[in-house]
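Only one structure is covered here, and it is reproduced in the block below.
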Amino acid sequence: MQQFDTLIVGQGIAGSLVAYQLHKQHRTFRVLDQGHGSSASRVAAGMFTPVSGKRKTIHKAFFDRLKMAVETYREIELLLGKRILHIENVYQLFEDEAEKKLLAGKMLLPEYKDVFVKEVPAPDGINKGLGGIIIKYSGWVDCPLFIASFRQWLHNSELLIAELLDYSSLQTNSAFFQYNGLQFQNIVFCEGFRAVGNPFFNEPMIPCKGDIISIAAGGNNTSGIIKKNAFYMLPAMDGMSKVGATFKWHNSDEALYETDRDQLEQAATAMLDGAGCKTIHHQSAIRATTPGQQVIAKQHPTIKNMFMLNGLGTKGILVGPCYAAQLVQTIPEANPSGNPF
Ligand SMILES: Cc1cc2nc3c(=O)[nH]c(=O)nc-3n(C[C@H](O)[C@H](O)[C@H](O)COP(=O)(O)OP(=O)(O)OC[C@H]3O[C@@H](n4cnc5c(N)ncnc54)[C@H](O)[C@@H]3O)c2cc1C
C-alpha cells in the first residue's frame, strides 16, 4: 500500500497553503478536492488592508501577518510561474463628515502615521464627493488564479485526488489513516464551511454568505483599490473590475439573488464619477466564520495526528499563511518513505 506523510482535505486557500508548507519541507502529501466551482476561495476578491471595521482599527498582528503573507505568496508565484499578489494602495472615499473626522483624528496617532496618506483628491473617474485618503500596506491576491493554478500544479505533480471525501470511507486506527488504498500518517481537514458535515470535529461554525460582481469597462481604471464604506472595487483586469462584497451572517444559501447584485451595483455607482455600471459576472459563496472570529488551527482533542485549518473568515488571504505555517510545525513528520512505523 502506498504510504504518505499527510492527506489534506479541501483545496481552498487553507488547504493550498498547508500543501505549500508541506511541499517546502519536502514532505509527502496528497490533496483531496473535487473542485467546487463556487468555494469561497474561488470567489474571493483576496483583498487585504490594515484598517478594518467602522472604527478603522489596525489589528496588532497585522504587520507580522502581512510580512508572512507577502513572503508566502511571492514564493508561491515562483512555484506556479504566475503573478497572483498585487500590492496597491487603497483609496478610501469618505462616506460622510463623521468618517472624515474620525480618519483625520486617527491620522494624528503614531500607529496610523505611516499607514495613511493625508487627504488627496479622488483619482480620475472616481467620485470626487467628500474626498478621501490613501491607505498603504494594502493589495489583493488574485484568488481564482491562485486556486486554479495551484490545482493545476498539484495535478501535474500527481499530488491531487480529484474527489469529494466520503468520510465513511476513511479508516482510522491509532497509527495511520487509510483512504481508497492509500495510507497517511496525518490528516488535515480544510473544507471551509462544508466542515459542518465533518463527523470528527464539532467546531462552532457560522456560515456567512458573500456576493461579488464583476462590472464592465468604465469601472476602476486607476491602479489602486477604491473603497467606500464596507465596499471595494479592484482595479480593472481584462476589462472588468470586481466589486464586493455583501455579508449575510448565518446564511448558507448558495443561490444568486438580484437584490444582492443590485446592492453591489449601487455601491459601485457610488464610487464612480457619474458612470453607471453593468454586471458581467455575479458570484456568491459561503465564508466559514466562527464566534469571535477565531481561526481554527488545531489538533483533534483525542484522535492522534488529525488536524483542522478552518474559520479563516473574512480575511483568509491575510491570516491564512501564518496559521498554515504554524499548524504544519505541529504536524509530526513521517520518515522519508511516509511509513509511520
Ligand atoms: C464574496 C467573498 C469575498 C471575499 N473577499 C475576501 C477578500 O477580499 N479578502 C480575504 O482575505 N478574504 C475574502 N473572502 C474570504 C475568503 O474567501 C475565505 O477566508 C477563504 O476562501 C476560506 O478558505 P478555505 O480554504 O478555508 O475554504 P473554502 O474556500 O470554502 O475551500 C474549502 C475547499 O474544501 C473543499 N471540500 C469541502 N468538503 C470537502 C470534502 N468532503 N472532500 C473534498 N473536498 C472538500 C471545497 O470543495 C473547497 O474547495 C471572501 C469570501 C467571499 C465569499
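What are the DSSP H helices in the chain that stretch 24 Å or more along their long axis, judged by alpha-carbon atoms, and whose average Kyte-Doolittle hydropathy comes to at least 0.0? Qualifying helices, which must be both long enough and hydrophobic enough, are 62-80. Dipole check for the chain: with +1 at the C-beta of Lys and Arg, -1 at the C-beta of Asp and Glu, and the Cα centre as origin, the magnitude is about 780 Debye.
Per residue, what volume in Å³ does the Cα convex hull of the chain take up?
Numbers: hull volume 45.1 nm³, N = 341.
Hull volume over Cα atoms, normalised by residue count, gives 132 Å³.
Of the trypsin sites (Lys or Arg not before Pro) found in the range 278-341, the ones in coil according to DSSP and having at most 15 other Cβ atoms within 10 Å of their Cβ are Lys278, Lys304.
Express the relative contact order of the range 269-321 as a whole percentage, based on alpha carbon pairs under 8 Å and six or more residues apart in sequence.
Value for the range 269-321: 28 percent.
Proximity of backbone amide H atoms, modeled 1.01 Å from N, is registered between Tyr232 and Gly244, Ala245 at under 5 Å, excluding neighbours fewer than 5 places apart on the same chain. Treat each spin label as a single point 7 Å out from the Cα along the C-beta direction, and report the His59 to Ile134 distance in nm. So the two model labels end up 2.5 nm from each other.
Given the convex hull of the Cα atoms of the range 168-308, what is a quarter of its surface area in nm²?
One quarter of the hull surface, i.e. the mean projection, equals 11.4 nm².
When the charge dipole of the chain is built from unit charges on Cβ atoms (+1 for Lys and Arg, -1 for Asp and Glu) and taken about the Cα centre, the candidate among Gln263, Tyr323, Leu102 whose Cα reaches farthest toward its positive end is Leu102. When you restrict to C-alpha pairs under 8 Å that are six or more residues apart and normalise by the size of the chain, the relative contact order lands at 26 percent.
When all protein chains stay in place and ligands, DNA and RNA are ignored, the 1.4 Å accessible-area order of Glu333, Glu191, largest first, is Glu333, Glu191. Cross-link pairs exceeding 24 Å in C-alpha to C-alpha distance, out of Lys136/Lys248; Lys106/Lys228; Lys100/Lys227; Lys118/Lys209, comprise Lys136/Lys248; Lys118/Lys209.
Largest GNM mean-square fluctuation across Ile280, Ile13, Ile84, computed for the chain with C-alpha springs under 10 Å, falls on Ile280. For the range 228-265, backbone nitrogen atoms closer than 12 Å to the point 7 Å from His281 Cα along Cα-to-C-beta are found at 237-243. Treating r as the C-beta distance of Ser168 and Lys24 and R0 as 25 Å, the FRET efficiency rounds to 0.15. Solvent exposure of the chain, expressed per residue, is 45 Å² of accessible area, with all protein chains present and a 1.4 angstrom probe.
Comparing Leu264, Leu102, Leu272 in a Gaussian network model of the chain where C-alpha atoms under 10 Å apart are linked, the largest mean-square fluctuation is found at Leu102. For the range 278-341, the fraction of 1.4 Å probe accessible surface lying on carbon and sulfur atoms is 53 percent.
The separation of the range 53-101 from the range 142-205, counted between C-alpha centres, amounts to 29 Å.
The calculated 222 nm mean residue ellipticity attributable to helices in the chain amounts to -8500 deg cm²/dmol, summing -39500 (n - 2.57) over DSSP H runs of n ≥ 4 and dividing by all residues. Among the trypsin sites (Lys or Arg not before Pro) within the range 16-75, those in coil by DSSP and having at most 13 neighbouring Cβ atoms inside 10 Å are Lys54, Arg55, Lys60.
The values are calculated or read from the model by the stated rules, or taken from the named source; none is laboratory data. The structure displayed is predicted, hence computed values, not measured ones. Virtual Cβ from ideal backbone geometry, glycine too; neighbours counted across all protein chains shown. Heavy atoms of the whole protein, side chains included, go into the accessibility calculation; ligands, DNA and RNA do not. Shrake-Rupley method; radii C 1.70, N 1.55, O 1.52, S 1.80 Å.
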